[in-house]
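Everything on this sheet refers to the single structure shown next.
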Amino acid sequence: MWKLTLIVGVAAGYVLGARAGRQRYEQIAKATRQVAQSPKVQSAAGKAKQQAGAVAGKAAGAVADKVGDRLPNSVTERVPYFSRQQSADDSWGTFRP
């Protein structure tokens with residue numbers, strides 16, 4: 001993952017700092033769009049989003065379990081996640097195990 005971040009950073013730095021002109025910028029932008037629209041990249045992004053949602057759901061569940069009962073009603077009424085009548089899936093794509 002860090003390699004991808006490095007490559008994206010180098011490409012962005014080159015685009016922002018280069019004086020190669022508009023034509024080179026268009027070439028880089030076109031290549032970037034092609035990579036971003038690649039089925040493999042889309043699949044990897046979907047898996048990463050799903051994993052991030054699962055981790056976020058577990059973390060939010062742990063926090064809610066530890067402090068949810070101690071919060072005042074004014075807070076729990078505003079944050080639906082602290083509600084006891086909650087489905088396993090929320091609108092953010094996360095779930096509570």
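The values are calculated or read from the model by the stated rules, or taken from the named source; none is laboratory data. Keep in mind that what you see is a predicted model, and the values were worked out from it rather than measured. Every residue, glycine as well, gets a Cβ built from its backbone with ideal geometry; the counts of neighbours run over all protein chains shown.
When you go through 24, 78, 19, 70 one by one, which is the residue that is at pLDDT below 70 and farther than 23 Å from residue 2 by Cβ?
Exactly one residue qualifies, and that residue is 19.
Here are the criteria: (1) within 23 Å of residue 12 (Cβ to Cβ); (2) hydrophobic (A, V, I, L, M, F, W, C); (3) loosely packed, with under 12 Cβ neighbours inside 10 Å. Tell me which single one residue 59 does not satisfy.
For residue 59, the exception is condition (1).
Which one of the conditions (1) touching a residue at least 40 places away in the same chain (Cβ under 8 Å); (2) surrounded by fewer than 12 Cβ atoms within 10 Å (Cβ to Cβ) does residue 53 fail to meet, given that it meets all the rest?
(2)
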